[in-house]
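Trainee: So that we are looking at the same thing, I have put the structure below in structure tokens.
The values are calculated or read from the model by the stated rules, or taken from the named source; none is laboratory data. From a predicted model like this one, the values you see are computed outputs, not experimental measurements. Every residue, glycine as well, gets a Cβ built from its backbone with ideal geometry; the counts of neighbours run over all protein chains shown.
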Amino acid sequence: MVLSVETPEAFPGHASHSLVLGVDGGGSTTRVVVADEMGNALATSLGHGVNLMDNERWQENLADALTPLDCYFDRVAQACFALPAHNESDAISDAQERFVASLLPRTKTLVVNDVKAAHGGAFAGMAPGVLLLAGTGSMAWAVDARGDDLRFGGWGHVFSDDGSAYWIGREALSLISRIADGRVDGMEFFTDFVSALGLGPAASMDAVLSWYSRIEQSRSGVAALTRILDGFVERGDPNAISLFDRAAQELADLVRAARQRIGASDLPWTYAGGLFNSRHIRQELGKALGAPLIPVLPPVGGSLLFAAEAAGLAISSDYIRRLGKTIPDTLFYQPTDSQNPLSKTNNG
């Protein structure tokens, strides 16, 4: 169900096929925005994650995220889809590009890596600089003075994603297993944690394993635990603070690696991803790396800029300013909580 879709006539001057569409696909959520040739965001929708590495429903979720905006498709001249894992293997990229083309058969489409688009939005075409992404996964994406792309981390949750929301959630689950065994102290943390899962203060690890088995998407479900843990940090829980401190250092190392590779110890950095909602993470990274640049646009803004460039639109400072002003103001199509493991647990 669409909560709100503004009509293109809300902004005058539309010509046929004058719109662009941007997609920011992540591990947990997907955001779609349609904008006009002046940089006005007309409508946006929000859907579930589309990482094909661990989500067999990625195609269904991507199609569902687009559906609320299908009334605009005939006017879209160019679409850019920023998707996880794109350009990391030929097979993955081919599968993504074929499916994207099938979704919008009458529209020119471009597919890029989601972190590349986040960098493009945050810096709005300015280089050099490094974007630190910390959401379900983690990665640093840098652009050097020549305009060449460099990536650090982000090799998936088995190999990498250090300091990410998934990493924090996994480390918390590991910690409560050690507490339950008696290998480390921290029963108060264990009790608070399992209570926050809706399992009751007397729950055992068997109950935690049962909770885990009910998660439909384990990676995003574990990452979602970070919201609980951030609340623990804010009230001063030492175990949670330790987890977040370690995460911040892992993330800082990604930016340090980029600075070292490029040979610029003061390379500007900026950020994207839900983990930056944590005050503690922002604070610790500021201490480690210096003050970040405020992102010019959110990640989906990078997709819109790439689409506009491919469509031959004039991208001026006014265009970018309008995107920045109007993207947050448009209403969202919100996915249901049917795939949210925390909602399921908390509702019994």
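Trainee: Among the residues of the stretch 49-69, is there at least one that is without any contact (Cβ under 8 Å) to a residue 60 or more places away in the chain, assigned to a loop (DSSP other than H, G, I, E, B), of a type outside the set (S, T, N, Q) and closer than 15 Å to Gly22 by Cα?
Mentor: Yes, the conditions are met somewhere in the stretch 49-69.
Trainee: Could you please find all residues in the stretch 94-126 being in a helix (DSSP H, G or I), touching a residue at least 12 places away in the same chain (Cβ under 8 Å) and more than 18 Å from the chain's Cα centre (by Cα)?
Mentor: Narrowing the stretch 94-126 to residues in a helix (DSSP H, G or I): 94-103, 114-123.
Imposing the further condition that a residue be touching a residue at least 12 places away in the same chain (Cβ under 8 Å) reduces the set to 95-97, 99-100, 103, 114-123.
Correct list: Ala95, Glu97, Phe99, Val100, Leu103.
Trainee: A follow-up question, please. State the number of residues belonging to the stretch 285-322 that are among the aliphatic types (A, V, I, L, M), without any contact (Cβ under 8 Å) to a residue 40 or more places away in the chain and closer than 15 Å to Asp36 by Cβ.
Mentor: Total meeting the criteria: 1.
Trainee: Hey, could you check the stretch 210-223 for residues that are without any contact (Cβ under 8 Å) to a residue 60 or more places away in the chain and surrounded by 12 or more Cβ atoms within 10 Å (Cβ to Cβ) and say which is nearest to the chain's Cα centre (by Cα)?
Mentor: To start, the set of residues in the stretch 210-223 that are without any contact (Cβ under 8 Å) to a residue 60 or more places away in the chain comprises 210, 212-213, 222.
Within this subset, residues satisfying the condition of being surrounded by 12 or more Cβ atoms within 10 Å (Cβ to Cβ) are 210, 212, 222.
Numbers: Ser210: 28, Tyr212: 22, Val222: 15 Å.
Filtering the stretch 210-223 for residues that are without any contact (Cβ under 8 Å) to a residue 60 or more places away in the chain and surrounded by 12 or more Cβ atoms within 10 Å (Cβ to Cβ), the one nearest to the chain's Cα centre (by Cα) comes out as Val222.
Trainee: Out of Val222, Val296, Val255, Val208, which single residue is β-branched (Val, Ile, Thr) and more than 23 Å from Gly26 (Cβ to Cβ)?
Mentor: On the way: Val222 fails: more than 23 Å from Gly26 (Cβ to Cβ); Val296 fails: more than 23 Å from Gly26 (Cβ to Cβ); Val255 fails: more than 23 Å from Gly26 (Cβ to Cβ).
Only one candidate qualifies: Val208.
Trainee: Of the residues Asp149, Asp185, Asp162, Asp181, which is in contact with a Lys or Arg (Cβ under 7 Å, 6 or more places away or on another chain), assigned by TED's automatic domain parsing to the domain that holds Gly263 and of a type in the set (D, E, K, R)? Spell out the reasoning first.
Mentor: Numbers: Asp185 fails: in contact with a Lys or Arg (Cβ under 7 Å, 6 or more places away or on another chain); Asp162 fails: in contact with a Lys or Arg (Cβ under 7 Å, 6 or more places away or on another chain); Asp181 fails: in contact with a Lys or Arg (Cβ under 7 Å, 6 or more places away or on another chain).
Residue meeting the stated conditions: Asp149.
Trainee: Kindly indicate whether Thr226 is surrounded by 16 or more Cβ atoms within 10 Å (Cβ to Cβ), in contact (Cβ under 8 Å) with a residue 24 or more places away in the chain and assigned to a helix (DSSP H, G or I).
Mentor: Values: surrounded by 16 or more Cβ atoms within 10 Å (Cβ to Cβ): yes; in contact (Cβ under 8 Å) with a residue 24 or more places away in the chain: yes; assigned to a helix (DSSP H, G or I): yes.
Criteria met by Thr226.
Trainee: Moving on. How many of the residues in the stretch 197-250 are out of contact with any Pro (no Cβ under 6 Å at 6 or more places or on another chain) and over 26 Å from Gly286 (Cβ atoms)? Talk me through it step by step, then tell me what you get.
Mentor: Start the filter on the stretch 197-250 by keeping residues that are out of contact with any Pro (no Cβ under 6 Å at 6 or more places or on another chain), which leaves 197-214, 216-220, 222-250.
If we keep only those that are over 26 Å from Gly286 (Cβ atoms) too, we end up with 197-214, 216-220, 222.
So the count comes out to 24.
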